[in-house]
Amino acid sequence: MKTTAHVTLVGAGPGDPDLITLKGLKAIQSADVILYDALVNEELLEQAKKSCTKIYVGKRAEALSTSQDQINKLLVDYALTHGHVVRLKGGDPFVFGRGGEELDFVRQYGISTSSIPGISSSTGLTGLQQIPLTYRGISESFWVITGSTSSGELSSDLQKAVQTNATVVVLMGYAKLSQIVSLYKENGKEDLPIAVIQNGSLPNERIALGTVASILEEVEKKRLSMPAIIVLGEVVKKHQHFNLLKDEIKSFSI
């Protein structure tokens, strides 16, 4: 029987396997091949049928185990030879996930495509921590910005965002945290609340809360590392433990 080549781009969510959509789960269950990334919870692969071929093409901390060109080629090759390929990516594939680039490549070969959104870490992890990205009278918008561009530089969009009252969520920016702190200090925002969330939604999740002036010390104290997201804005004060942190700082300084 002739196979029908098709690629489905699926967002796996921020880490907790329960946070994938029902439609995404159904795609996994029907896949002939699954190409999955490092930040995908492997518990999801247990939902695939026994005959499914599972291929790790992980990316983590800006290092590739499989190049993007190789991934693109694998998507096409497996779709043409096996049928339904699910490209399973952490978070949402269209939020700094290069999902659009992959679909562009696949379509060049006349292969049909579909996409199933996932919960982005930018909205999902803040939500789980009960940090509202927008809040009436405090924040009218939020920006989601990559911490590092393809050239390895700090995103120039941060230069614009720092001058607004918007909530700013920085993805893939932990390695640039000190630079981000310096940028906000240069713009007179030492007292702006900030949160750093590591391994969000997972059992080993950890969070550091503070201000731009104190966050580097808090992160070191909590021994946080990658993968982590950074949240800057007055809305961070809405975290249920933020006021407790302020009380600790006051008592320490008395």
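The values are calculated or read from the model by the stated rules, or taken from the named source; none is laboratory data. Keep in mind that what you see is a predicted model, and the values were worked out from it rather than measured. Cβ sites come from the backbone with ideal geometry, for glycine too, and all protein chains shown count toward neighbours. Heads up: the accessible areas ignore ligands, DNA and RNA and are worked out on the full protein's heavy atoms, side chains in. Shrake-Rupley method; radii C 1.70, N 1.55, O 1.52, S 1.80 Å.
Of everything in the range 206-233 that is of a type in the set (G, A, S) and closer than 24 Å to A166 by Cα, the residue that is surrounded by the fewest Cβ atoms within 10 Å (Cβ to Cβ) is A213. When each of G127, G188 is tested for being surrounded by fewer than 21 Cβ atoms within 10 Å (Cβ to Cβ) and at positive phi, the lone residue that passes is G188.
Restricting attention to the range 42-49, does a residue exist that is surrounded by 14 or more Cβ atoms within 10 Å (Cβ to Cβ) and within 18 Å of the chain's Cα centre (by Cα)? Yes, some residue in the range 42-49 is surrounded by 14 or more Cβ atoms within 10 Å (Cβ to Cβ) and within 18 Å of the chain's Cα centre (by Cα). When F96 is tested against (1) hydrophobic (A, V, I, L, M, F, W, C); (2) under 22 Å from T21 (Cα atoms); (3) surrounded by fewer than 18 Cβ atoms within 10 Å (Cβ to Cβ); (4) modelled with pLDDT of 95 or more, only condition (4) is not met. Determine if the range 96-112 includes at least one residue that is among the hydrophobic types (A, V, I, L, M, F, W, C), assigned to a strand (DSSP E or B) and touching a residue at least 60 places away in the same chain (Cβ under 8 Å). Looking for residues that are among the hydrophobic types (A, V, I, L, M, F, W, C), assigned to a strand (DSSP E or B) and touching a residue at least 60 places away in the same chain (Cβ under 8 Å), one finds none in the range 96-112, hence no. Residues in the range 115-131 that are in a loop (DSSP other than H, G, I, E, B) and in contact with a Leu (Cβ under 6 Å, 6 or more places away or on another chain): I119 only. Tell me whether the range 26-36 contains one or more residues that are open to solvent by less than 40 Å² (accessible area, probe 1.4 Å), part of a strand (DSSP E or B) and not β-branched (V, I, T). Taking every residue of the range 26-36 in turn, at least one turns out to be open to solvent by less than 40 Å² (accessible area, probe 1.4 Å), part of a strand (DSSP E or B) and not β-branched (V, I, T).
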